[in-house]
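Structure first, commentary second.
The values are calculated or read from the model by the stated rules, or taken from the named source; none is laboratory data. The structure displayed is predicted, hence computed values, not measured ones. We place every Cβ from the backbone using ideal geometry, glycine too, and count neighbours over all the protein chains shown. We work out accessible area using only protein heavy atoms, side chains counted, and drop any ligands, DNA or RNA first. Shrake-Rupley method; radii C 1.70, N 1.55, O 1.52, S 1.80 Å.
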Amino acid sequence: DVKVTQSSRYLVKRTGEKVFLECVQDMDHENMFWYRQDPGLGLRLIYFSYDVKMKEKGDIPEGYSVSREKKERFSLILESASTNQTSMYLCASSFQYEQYFGPGTRLTVT
Amino acid sequence: DQQVKQNSPSLSVQEGRISILNCDYTNSMFDYFLWYKKYPAEGPTFLISISSIKDKNEDGRFTVFLNKSAKHLSLHIVPSQPGDSAVYFCGSSNTGKLIFGQGTTLQVKP
């Protein structure tokens, strides 16, 4: 079974803090993705990576950055958290089309 | 510009009846389509997919139909069960990157 794990299920941070969300997959997948889910907006792609050290902007990259130093790990960084970044963050990995998702991190920025 | 749309935010059906969830897309370059199911506080899980070279794919109670000329796909669940109550996302892919719709919340009443 593919397993995608995320470092925290729930996180509360203050405005202006630097926030790290970690994602690890155990299936040797090349592709990894970060999404955020908001009511009425569906799943929106923030960043993705097709290989180690490689990253591509998704549809809403502003305010975020990513790091992929190892194949199994893909980190999402909020450089200076803001209240409009309160959301559910979902990490996924894939070999081809089918993406496998982690359980999500519910981030609240106060 | 939303490339994938699920125009019904919610759907309510009786247990045992058919559930039909719809999805429209605008990009004719999409070559693979997937449906995901999501329970609250969990990550989405893959349900069923279809390639653009097919018009139907069936897996147990779940069938996906693709109408390329109308740029429309639908998910049929027969018979619907209370455990099917969840948010359903359609995703459309070009080169492995998925674009998701806004989601439809399905409620199956006992």
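Here the extension length gained between B:Thr105 and B:Lys56 equals 15.3 nm, from 0.36 nm per residue of separation less the Cα-Cα distance. Here, chain A yields an orientationally averaged convex hull projection of 6.3 nm² when only Cα atoms define the hull. Buried on complex formation within segment B:74-110 (loss of at least 30 square angstrom of accessible surface versus the isolated chain, 1.4 Å probe, ligands and nucleic acids ignored): B:Phe89, B:Gly96, B:Lys97, B:Leu98, B:Phe100, B:Gln102. The value of relative contact order for segment A:25-110, using C-alpha pairs under 8 Å at least six residues apart, is 29 percent.
Simple spin-label estimate for B:Glu42 and A:Glu72 gives 2.5 nm between the two label positions (7 Å along the Cα-to-Cβ direction from each Cα). Bridgeable lysines around B:Lys5 (alpha carbons under 24 Å apart, same-chain partners fewer than 8 residues away excluded): A:Lys57, B:Lys37, B:Lys38, B:Lys54, B:Lys56, B:Lys68, B:Lys71, B:Lys97. With a ≥ b ≥ c the root eigenvalues of the C-alpha gyration tensor of segment A:41-82, is it rounded (a/c under 1.5), prolate (a/b larger than b/c) or oblate? Oblate. Take the Cα of B:Asn94, go 7 Å toward its beta carbon, and the backbone nitrogen atoms of segment A:26-51 under 17 Å from that spot belong to A:45. I'd like the FRET efficiency for B:Ser10 and B:Asn67, computed as 1/(1 + (r/R0)^6) with the beta carbon distance as r and R0 of 22 Å, rounded to 0.05. With a Förster radius of 22 Å, E is 0.45. Please give the FRET efficiency for B:Thr26 paired with A:Ser65, using the beta carbon to beta carbon distance and R0 = 30 Å, rounded to the nearest 0.05. Efficiency for this residue pair is about 0.50.
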